[in-house]
Amino acid sequence: MSTPDDGLTFGVLGTAKIARTAVVPAIAASDHSVGAVASRDPDRAERFAADRSIPRSYGSYDALIADDALDAVYVPLPNGLHAEWTKRAADAGLDVLCEKPLAVDAEEARTVVDHCADRGVTLMEAFMYRYHPRTERALALAERTLDDVRTVTATFRFPLYDRPDDVRLDPGLAGGSLMDVGCYPVSLVRAVLGEPDRVYGHANDTRDAGVDTEFAGVLEYADGRSARVASGFDTQLVQRYRIDATNGWIEVERAFDAPA
């Protein structure tokens, strides 16, 4: 275990692209460090570790969470595995940074939050955009300059073509555009307007994949405010949100994965 002055030592469960290209480099550039990585393929874990100067690699997730030198884990596994491995890491006394979405539905999310609280570990869902300077400035401007926010519109779409075996199209692992990228617009709406009183959604499976490849949703509030969210795999990249008030609006492009 690390001391507070040393920062946290993370283990990484899996070798997903988001871990390779974003989170592991971000941890390495911070006051924290990556101490181990695990994959179901031991050779892949070993290569991942060697390429990034990570001290230890494991051929199973169980072996990593048993590593006494770790303080926390990052979980970039497929959506359907987030809850299980977050709980198992918590059982080992490890703090958890779990890739979004935290769980496959609200009930499962509550069980994960309660489980981590019962074990006394810190749990964070990895919505990077919430801490990005662009988002922080937009939300601060909205609070300071917009008198009465009435509607929010938020969209995240990107092209997922010619990849029928992509995990994001696997219903058994909680794939679909809402779970993959639609969670960003929903998160943004909740940050601006709070928890809705009613929600509606329409999902369209354009690939016969068993998951939504296009999604549209409405969030309504008892005081008359509302929001519209959209996600999809069938268009070119669209990432934006607009906050409309009685005295003006704020619109943000490249809203959810802009470089720092």
- [ ] Answer with yes or no whether Val211 is over 10 Å from Thr155 (Cβ atoms) and either in a strand (DSSP E or B) or over 18 Å from the mean Cα position of the chain (by Cα) (or both).
- [x] yes
TODO: Consider Arg157 carefully, then state whether it is out of contact with any Lys or Arg (no Cβ under 6 Å at 6 or more places or on another chain) and at pLDDT below 95.
DONE: no
Open item on the list: Tell me yes or no: at least one residue of the stretch 130-137 is buried (at least 17 other Cβ atoms within 10 Å of the Cβ) and in contact with a Cys (Cβ under 6 Å, 6 or more places away or on another chain).
Closed with: no
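Condition check ((1) without any contact (Cβ under 8 Å) to a residue 60 or more places away in the chain; (2) of a type outside the set (Gly, Ala, Ser)) across all residues:
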| site | (1), (2) |
| --- | --- |
| Ala29 | yes, no |
| Arg47 | yes, yes |
| Ala50 | yes, no |
| Tyr58 | yes, yes |
| Leu70 | no, yes |
| Tyr74 | no, yes |
| Leu94 | no, yes |
| His115 | yes, yes |
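If you scan the stretch 124-150, which residues turn out to be among the aliphatic types (A, V, I, L, M) and in contact with a Leu (Cβ under 8 Å, 6 or more places away or on another chain)? Outline the logic, then answer.
Taking the stretch 124-150 as the starting set, the residues that turn out to be among the aliphatic types (A, V, I, L, M) are 124, 126, 128, 138-142, 146, 149.
Once the filter is applied, which keeps residues that are among the aliphatic types (A, V, I, L, M) and in contact with a Leu (Cβ under 8 Å, 6 or more places away or on another chain), the stretch 124-150 yields Met124, Ala126, Val149.
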- [ ] Can you tell me which residue within the stretch 212-260, out of those that are of a type in the set (Val, Ile, Thr) and farther than 15 Å from Leu139 by Cβ, is surrounded by the fewest Cβ atoms within 10 Å (Cβ to Cβ)?
- [x] Thr246
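Anything in the stretch 167-190 that is small (Gly, Ala, Ser) and either assigned to a strand (DSSP E or B) or crowded, with 17+ Cβ neighbours inside 10 Å (or both)? List them, or say none.
As a first pass, look at the stretch 167-190 and keep what is small (Gly, Ala, Ser): 172, 174-177, 182, 187.
If the condition is that a residue be small (Gly, Ala, Ser) and either assigned to a strand (DSSP E or B) or crowded, with 17+ Cβ neighbours inside 10 Å (or both), then Ala174, Gly175, Gly176, Ser177, Gly182, Ser187 are the ones that fit.
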Open item on the list: Looking only at the stretch 100-129, how many residues end up being farther than 18 Å from Leu178 by Cα, part of a helix (DSSP H, G or I) and not hydroxyl-bearing (Ser, Thr, Tyr)?
Closed with: 9
Task: Count - residues of the stretch 40-69 that are closer than 19 Å to Arg20 by Cβ and not basic (Lys, Arg) - done: 17
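The values are calculated or read from the model by the stated rules, or taken from the named source; none is laboratory data. Here the structure is a predicted model, which means the values were calculated and not measured. A quick note on method: Cβ atoms are made from the backbone with ideal geometry, for glycine too, and the neighbour counts reach across all protein chains shown.
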